Structure formats: C-alpha cells, structure tokens
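Single-structure report; data block below.
The values are calculated or read from the model by the stated rules, or taken from the named source; none is laboratory data. As the structure is a prediction and not an experimental result, all values here were calculated from the model. Heads up, the Cβs are rebuilt from the backbone with ideal geometry, glycines too, and the neighbour counts pull from every protein chain shown. Side chains are part of the model used for accessible areas, which takes the heavy atoms of the whole protein and leaves out ligands, DNA and RNA. Shrake-Rupley method; radii C 1.70, N 1.55, O 1.52, S 1.80 Å.
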Amino acid sequence: MGSASVSTRGDDVSTSPSPLLGLPGAVAGNGVDAPVAAHYGSFTGEQRTLEAGDGFVDLSHREVVRVSGPDRLTWLHSLTSQALDRLQPRVPTATLVLSPQGHVEHALYGVDDGESFTAHVEPGEAAALVAWLDRMRFMMRVEVADVTDELAVTWRPSARIDAAPYSGYDLVPRAELPAYAAAAGPAAGTWAFEALRIARGEPRLGLDTDHRTIPNEAGWIGTAVHLDKGCYRGQETVARVHTLGKPPRRLTLLHLDGSDNRLPARGADLVLGEKVVGFVGTSARHHELGPIALALVKRSVPVDATLVADGLAAGQEVVVDPDVGLHVRPSLR
C-alpha cells in the first residue's frame with residue numbers, strides 16, 4: 001500500500017524552547033510541538049481543568065504575523081477567504097490563503113485592534129506568508145511583519161467567546177510570558193489542548209491536511225470561508241464544490257481501538273478492506289472519548305464503515321458531511 005502524501009511543513013522547525021518548560025512537572029512535546037510542554041504531570045487532569053474553564057495552554061511556538069495600515073482589512077478581504085472588510089475590533093476570526101486551484105496554503109487565526117490585524121499561524125509558516133503578502137501589496141497602504149519575537153500565543157478557555165470557533169487565544173508580549181503564566185495558571189500542556197481540539201473537529205494545517213486540501217474537505221466552510229463575499233484567489237473551486245455538495249474528501253473524527261495502547265502515526269494510511277482510502281492526521285487520548293484522531297477520507301467511503309488506521313480499528317464520527325453543500329458539522333453529543 002502506498003504512503004499518504006501528507007505535508008511535513010513545520011516538522012523540522014527550529015524554535016527556542018519556551019521558558020515555561022521550567023515550570024514544575026513540565027515535559028516537552030515532540031515534533032512540531034517540541035518547544036512547548038506536552039503536559040505538566042497529568043494530561044487527563046489538565047483536560048478536565050480546561051473543560052472546567054480554568055487554566056491556560058502555552059502555544060508560544062506558534063508564529064505571529066501583523067498587518068497594519070489603513071487599507072489592511074479591505075486588502076486582506078480581497079486576498080483571503082473570509083469577509084474582513086467590516087471586521088469589528090477584538091472579534092476573533094479565521095481566514096485562509098488559497099492557491100489559484102483552491103488548495104489551502106495558509107491558515108490565519110487572529111483579531112483586529114482597530115489599528116492592526118494580528119494573526120497566529122503554525123510554526124514555520126510566518127516567513128512564507130509574510131513574503132507572499134509583501135508581493136501582493138502593490139499600492140495599498142499596508143505593512144506586513146513577522147512579530148513572533150515580540151508576541152507569544154496562549155489559549156485560555158475563560159477567554160473563549162461562547163462557542164465561537166477559534167476563540168480563546170491570547171497574544172502576550174513574549175517577555176511577559178512567565179508573569180502571564182503565574183497569573184493565568186494552572187498550566188495545561190498541548191496533549192490536553194490537542195485532545196479537546198481534535199474532539200471539536202478543528203484541523204491543523206499541514207498536520208490534518210495535505211497539499212491538495214480544499215476548505216470544503218476540512219470543515220472550514222462557515223468558520224474560515226465566507227460564501228457571500230466577492231472574488232478572491234481560489235474562490236471558483238470553493239463555490240463549485242459547495243454548489244455540487246460533493247467534496248472529493250471529507251474530514252472525519254476517528255474513534256480508535258484502545259486495546260493496543262498506542263496512537264497511529266501521523267500520515268499513516270487509512271484503509272478499508274485492502275484499499276487505501278485516506279490518511280490519518282493528529283491523534284490524542286481524550287479523557288472521555290478515549291483514543292481519537294482526525295483523518296481525511298475519500299467522500300465515497302460510507303460514514304458507518306469501520307476503517308483501519310495504522311493497524312488500529314477505527315469507527316467514524318462525521319465532521320464534514322459527504323453529501324450536503326453547506327458542510328455544517330452536526331453536534332458531537
């Protein structure tokens with residue numbers, strides 16, 4: 001069976017370890033999340049803390065881009081998938097940069113403060129994004145900068161706005177990160193954060209997606225893509241697939257067999273019978289759901305089919321509906 005073609009962007013990112021790895025009990029993560037803590041002694045307890053609305057997560061390895069200038073929102077509105085021209089200050093949003101063919105190249109999560117739009121991206125992504133945005137400035141009154149050295153990303157459940165997607169993130173002056181941690185504790189690691197994110201069905205670019213992923217496949221319609229805005233690069237693909245209601249692939253939540261006491265490797269083949277039908281993205285151990293993962297699977301695969309993920313039996317829970325055009329995710333519970 002052939003291996004899935006999964007993006008490895010960020011796997012070799014070299015980022016300075018977070019100062020919060022000096023907190024009691026901190027155990028460093030691995031892969032792209034190595035510069036921050038995976039846990040501080042009990043990732044299941046940390047999940048419960050976050051679900052109770054307490055604590056914070058150190059995501060300071062994520063990179064930060066700032067777009068300033070009077071034309072910033074109308075300019076970003078014309079370039080990306082989200083309606084940003086009337087974005088109100090301090091309202092969190094997500095937006096995508098697509099290729100001309102509609103493939104997702106960048107995913108930005110940020111807020112505007114009335115003077116600048118500041119967004120965080122996956123580790124290793126800021127330089128390429130800033131370079132592309134700089135090439136697109138033309139005569140617009142905007143400035144683009146990588147401000148990762150200035151700002152660190154954290155996440156607090158108490159900062160979430162109701163159930164708004166992609167809310168809860170803070171941008172903290174990097175020099176003040178230890179003081180922030182002392183005030184916002186207790187600290188929870190990325191293992192706890194990832195388990196809750198995966199359960200919500202929120203993909204990470206380059207980890208749960210590959211170079212062919214279009215927004216319709218990954219559940220970004222409605223959260224990072226506005227269907228009623230004007231033209232932007234890649235819009236034709238998004239609109240066509242939305243109208244037909246049949247994305248080539250669909251994001252699914254896998255409920256994994258836990259008897260083997262391991263998680264599937266990211267990028268592993270997802271198999272039905274003898275056929276490779278997709279690939280596994282990120283995985284985690286959820287304190288209630290057990291071992292779970294996100295995966296991209298061919299649209300034609302029945303939603304009730306039991307799949308095999310890196311040798312582990314896996315049931316499916318729908319994230320992206322294989323048939324309907326709106327691709328609205330049903331409630332998990």
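What the table below lists for this structure:
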read-out	value
Sole exception among (1) at pLDDT below 95; (2) more than 23 Å from Pro264 (Cα to Cα) for Gly10, by number	(2)
Residues satisfying the stated conditions in the stretch 66-104, i.e. aliphatic (A, V, I, L, M) and either in a loop (DSSP other than H, G, I, E, B) or out of contact with any Leu (no Cβ under 6 Å at 6 or more places or on another chain) (or both)	Val67, Leu79, Ala83, Leu84, Leu87, Val91, Ala94, Leu96, Val97, Leu98
Residue count, the stretch 302-322 (criterion: in contact with a Pro (Cβ under 8 Å, 6 or more places away or on another chain), surrounded by fewer than 23 Cβ atoms within 10 Å (Cβ to Cβ) and at pLDDT 95 or above)	5
Selection within the stretch 19-65 - closer than 22 Å to Leu205 by Cα, open to solvent by less than 30 Å² (accessible area, probe 1.4 Å) and assigned to a loop (DSSP other than H, G, I, E, B)	Gly29, Pro35, Val36, Leu59, Ser60, His61, Arg62
The one condition in (1) open to solvent by 10 Å² or more (accessible area, probe 1.4 Å); (2) touching a residue at least 60 places away in the same chain (Cβ under 8 Å); (3) in contact with a Lys or Arg (Cβ under 9 Å, 6 or more places away or on another chain) that Ala284 fails to fulfil	(1)
Of residues in the stretch 237-260 being open to solvent by 40 Å² or more (accessible area, probe 1.4 Å), modelled with pLDDT of 90 or more and in a helix (DSSP H, G or I), the one farthest from Arg299 (Cα to Cα)	Ala239
Filtered residue count, the stretch 125-142, keeping only those that are more than 15 Å from Thr80 (Cα to Cα), modelled with pLDDT under 95 and surrounded by 12 or more Cβ atoms within 10 Å (Cβ to Cβ)	1
